[in-house]
1. Keeping all protein chains in place and using 1.4 angstrom, which order do Tyr95, Tyr63 fall into by accessible surface area, from largest down?
2. Give me the percent of the accessible area of segment 1-61 that comes from carbon and sulfur atoms, probe 1.4 Å, all protein chains in place.
3. Once the whole set of protein chains is in place, how much accessible area is left on Thr91, using a 1.4 Å probe, in Å² to the nearest 10?
4. Relative contact order, percent, of segment 27-123 when contacts are C-alpha pairs under 8 Å separated by at least 6 residues?
5. Could I have the simple spin-label model distance between Asn31 and Ser123, label points 7 Å from Cα toward Cβ, reported in nm to one decimal?
6. What are the residues whose amide H is under 5 Å from the amide H of Phe68, where those residues sit 5 or more places off or on another chain and H is modelled from the backbone?
7. By a straight-distance test (C-alpha under 21 Å), which lysines pair with Lys87 as possible cross-link partners, with residues fewer than eight away in the same chain excluded?
Amino acid sequence: QVQLVESGGGLVQAGGSLRLSCAASRHTFSNYAMGWFRQAPGKEREFVAAISWSSGSTYYADYVKGRFTISRDNTKNTVDLQMNSLKPEDTAVYYCAARLEVVFTSRYEYDYWGQGTQVTVSS
């Protein structure tokens, strides 16, 4: 069992930046691939970014590529999402997710989820 807790959400103007962080409870955190997903009101949860257990591979949705950066620190059991050049369409609840070993971009492949953190980008 892995418990995930997100933090760092908030209100920001368009063009601004936020850094989300996800803290994991599991001491074997380094065995888990991690992902960030988001869900806007009335929409399905969608993929944002993912990172392999070793940080050797990262994946991004086209709509955040070049603006968002995912990273992890296996010594601290954390995974971060640096979000720059934010747009109003980035407004959503952002979720951290974990699965053993292999990284996927589909939300259906992830077994553990945090409670989410709200990001609101004003125009």
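1. Tyr63, Tyr95
2. Values: 1440 of 3070 Å².
C and S atoms contribute 47 percent here.
3. 40
4. Values: 195 pairs, mean separation 30.9, N = 97.
Here the relative contact order equals 32 percent.
5. For Asn31 paired with Ser123, the spin-label model returns 4.8 nm.
6. Asn84
7. Lys43, Lys65
The values are calculated or read from the model by the stated rules, or taken from the named source; none is laboratory data. Quick caveat: nothing in here was measured; it's all calculated off a predicted structure. Neighbour counts are summed over all protein chains in view; Cβ atoms, including those assigned to glycine, are modelled from backbone coordinates with ideal geometry. Please note that ligands, DNA and RNA were not included when accessible areas were found on the heavy atoms of the full protein model with its side chains. Shrake-Rupley method; radii C 1.70, N 1.55, O 1.52, S 1.80 Å.
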